[in-house]
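Just so it is clear, none of the values below were taken in a lab; they were calculated from the coordinates. Remember, predicted model here, so these are calculated numbers, not experimental data. Backbone-built Cβ (ideal geometry, glycine too); neighbour counts: all protein chains shown.
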Amino acid sequence: MIITYEPISLESANACLIAWEHRMGPLLRGNQRGVHHGLLLDGEPMAVTMTSTLIRERVGGVDELSLDRSNTVELSRLCAARPGLCRVVLRLWREFVFPSLAGGYRYAISYQDAAQHSGNIYRFDGWRRVGYSHSGRDTRSGRPGRNKYIWLWERPSSSTTDPAPAGFRISGDRDT
């Protein structure tokens, strides 16, 4: 049995979101940079993390931190084939992918659906809930807006980008 956490294509990550019935569905944000990783068991995806640039120039509702595209990146999707793996892959993303991203982001944010999830996955991983957001109707799909909490991870000042331990293959920023 070989377990790796490695870069995967946008197409592969989106196929997982569809197969695992992620509520938001595939990541369809148009022309933007993204870094996507999969937790693979013998080459088969078991969980994915998808990292995106911010959609808007600034994160609304959290003005005191001045979160913008220069200092903040979004963990835009977190999904797994079975319960329990989201917590694992969130920690791997936070510990290895986030610190290695080109641009040296200070903050990471993730939006939690207020109706569907409790937010415990972020809370138990040390993230802070810093805001609330409501999106309007999606103009592309027609889906109704959602109530969301904004979770924040701040890079510790002593953070390094040490190489991953043996058995893990981690890559930094790349176009997908």
Open item on the list: Could you tell me how far the Cα centroid of region 90-111 sits from the Cα centroid of region 1-59, in Å?
Closed with: 14 Å
Task: Per-residue Cβ neighbour rank within 10 angstrom, fewest leading, Glu21, Glu95 - done: Glu21, Glu95
Task: For Ile150, Ile121, order by how many other beta-carbon atoms lie within 10 Å, fewest first - done: Ile121, Ile150
- [ ] Rounded to the nearest 0.05, what FRET efficiency do Arg82 and Ser141 give with R0 = 30 Å and r taken as the Cβ-Cβ distance? Could you check?
- [x] 0.65
Open item on the list: Quick check on the exposure proxy: order Met24, Met1, Met46 from fewest to most C-beta atoms within 10 angstrom.
Closed with: Met1, Met24, Met46
Open item on the list: Quick check: from the Cα gyration tensor, does region 1-113 come out rounded (a/c under 1.5), prolate or oblate?
Closed with: prolate
Open item on the list: As an exercise, identify the trypsin sites (Lys or Arg not before Pro) in region 2-101 lying in DSSP coil whose Cβ has no more than 10 other Cβ atoms within 10 Å.
Closed with: Arg56
